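Accompanying notes for the structure given below.
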Amino acid sequence: MLKNKNSAKFKYNETILVVDDAVNTLEVIQRNLLSTGFNTITTDNVPDAIKLIESNHIDLVITDYKMPRISGLDLARHIKENFQDIEVIMITGYATVEGAVSAIKEGVQEYLTKPFTDEELLSIVEKSVVRIRNRKKVSEGDSKNSDRFFGLIGTSTAMQSVYKSISKAANNVATVLITGESGTGKELVARAIHYSGFRSAAPFIAVNCAAIPENLFESELFGHIKGAFTGATESRAGFFQTADGGTIFLDEISELPFSTQAKLLRVLQEKEINMLGQKRPQKVNVKVIAATNKNLQTLVNQKLFRADLFYRLNVIIIDVPPLSKRENDVFTLAHAFSEKIAKELGKPIPYFNDQTLSVLKNYEWPGNVRELENLIERIIIMCDKNKIEICDFPSHMRFSLPPNGHNQENDYDFIIDDCDKTKRKSDKTLNEIEQEYIEKILKKTNGNKTLAASILKIDRKTLREKLEKYKEINKY
């Protein structure tokens with residue numbers, strides 16, 4: 001008996017094969033899956049199931065445990081050894097610990113006991129679909145046209161917003177200020193602006209302001225003529241002359257000395273530079289893009305950055321989101337880095353299992369995209385096998401007991417009681433109490449944000465927002 005009710009308008013791309021020798025069970029499961037929007041095929045025996053798997057693209061198999069001739073356990077084993085991308089959910093009315101262990105060993109990802117509710121079935125199916133999609137993102141990459149944009153990778157809502165801003169900034173002469181945490185890819189955004197605009201055939205000059213000694217800034221940026229200072233044995237063009245007609249990218253603009261800031265302001269206003277030792281100004285046609293991982297407005301308030309230069313730079317602002325706020329981009333990026341690095345090293349592209357995907361998704365990524373790329377490179381270099389496992393990750397990304405043998409999670413009550421003493425004695429404002437309480441929890445957990453969020457009974461995103469709100473405790 002083979003059935004596929006194609007009259008439904010499918011909401012999901014995944015195709016599910018249901019295998020059960022009980023016709024009533026098949027009908028109930030198919031009806032529930034179709035009503036939810038899944039493309040569903042059914043059969044009442046394993047031989048036909050194998051034919052369907054070989055002739056169709058199947059993402060998930062839901063199979064009964066005990067069936068005539070060939071069991072669902074044999075089917076699970078066949079799938080495990082021949083179709084590793086297919087998930088298997090085992091259903092049985094004869095649940096035993098031994099049976100569950102055997103099923104898991106044969107590649108079953110989920111185990112559902114009869115009788116079960118519609119909600120239990122759909123919940124377990126949706127969990128499987130999430131894992132399937134995560135694996136596809138890493139093993140195949142994202143096939144959407146919008147996943148790559150002039151070197152930038154990602155399909156998240158946050159990155160789509162960045163792509164739109166890049167498109168608007170590319171074909172005009174306005175100055176652009178790129179903000180974002182270290183490692184988020186600010187230079188890639190600058191390059192995307194340049195190479196997607198009308199200046200793409202002209203030079204793109206990247207300048208790291210933090211790497212230039214203070215006494216050489218003016219010479220490096222604007223050039224000098226022979227004899228302008230001791231050691232100037234010949235005339236030399238600066239970065240602005242080199243970038244003429246194109247784009248100059250001033251990374252870490254906050255490190256620009258205060259004295260040089262005034263000269264840069266004149267360049268932006270007058271479109272001309274003065275080489276050291278030269279009296280007559282020289283016109284330049286350059287698009288200026290600056291980037292910083294610091295808050296320039298705060299530096300302005302502290303008299304460490306010129307307000308007039310800040311306003312001149314802050315014409316178009318593009319904020320590059322941290323990796324932790326980019327939804328599932330970590331999987332797309334992990335695939336791209338794995339593919340690139342494996343090819344460079346002459347190794348096969350590694351396979352991520354469900355556990356390692358979970359670590360990638362749940363980790364905070366304080367070093368952002370740069371940290372992810374470095375991690376993938378380290379793993380591929382050091383790992384001799386094709387499959388990446390949790391033990392291949394650095395220790396700070398793995399669960400481990402402290403040397404005294406106590407699990408921190410078992411010390412919740414002690415941590416909460418100790419911190420609650422401060423709350424009960426305090427007569428401060430609610431915000432002050434909250435800030436101090438969060439800081440104490442973070443201190444007790446040695447800065448472990450995942451554990452702190454669990455103790456505070458909030459998710460990591462909420463904790464991150466509170467840390468941004470209370471800048472004083474952002475050291476964690």
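A short reminder: the numbers here are calculations on the coordinates, not readings from a lab. Predicted, not measured: the structure shown is a model, and the values here were computed from it. Reconstructed Cβ throughout: ideal geometry from the backbone, glycine too, with neighbour counts over all protein chains shown.
Ranking Ile316, Asn293, Pro281 by how far each Cα lies toward the positive end of the dipole of region 238-324 (charges on Cβ) leaves Pro281 at the top. Charge dipole (Cα centre; +1 on Lys/Arg Cβ, -1 on Asp/Glu Cβ; no other charges) of region 324-397 amounts to roughly 100 debye.
If you bin all the Cα-Cα distances of region 167-319 at 10 Å, starting from zero, the percentages per bin are 11, 42, 36, 11, 1.
Answer rounded, prolate or oblate for region 219-307, using the Cα gyration tensor with square roots of eigenvalues a ≥ b ≥ c: rounded when a/c is under 1.5, else prolate when a/b is larger than b/c, else oblate. Here region 219-307 falls in the prolate category.
Counting Lys and Arg as +1 and Asp and Glu as -1 over every other residue whose Cβ lies under 13 Å from the Cβ of Ile341, the net charge comes to 0. Among the listed pairs Lys294/Lys347; Lys186/Lys471; Lys114/Lys325; Lys80/Lys114; Lys168/Lys263, those whose Cα-Cα separation exceeds 31 Å are Lys294/Lys347; Lys114/Lys325. For the peptides 205-218, 287-300, 148-161, the ranking by mean Cβ contacts within 10 Å, running from highest to lowest, is 287-300, 148-161, 205-218.
As a calculated quantity, the FRET efficiency between Cys383 and Thr113 at R0 = 45 Å, using C-beta atoms, amounts to about 0.75. When the chymotrypsin sites (Phe, Trp or Tyr not before Pro) in region 344-388 are filtered for DSSP coil states and for at most 15 other beta-carbon atoms within 10 Å of their beta-carbon, no site remains. When only Cα pairs below 8 angstrom with a gap of at least 6 residues are kept, region 324-397 shows a relative contact order of 41 percent.
Charge tally for Val176 (other residues, Cβ to Cβ under 14 Å; Lys, Arg +1; Asp, Glu -1): +4. How would region 333-391 be classified by its alpha-carbon gyration tensor: rounded, prolate or oblate, with rounded meaning a/c under 1.5 and the a/b versus b/c comparison settling the rest? Because a/c hits 1.5 or more and a/b fails to exceed b/c, region 333-391 counts as oblate.
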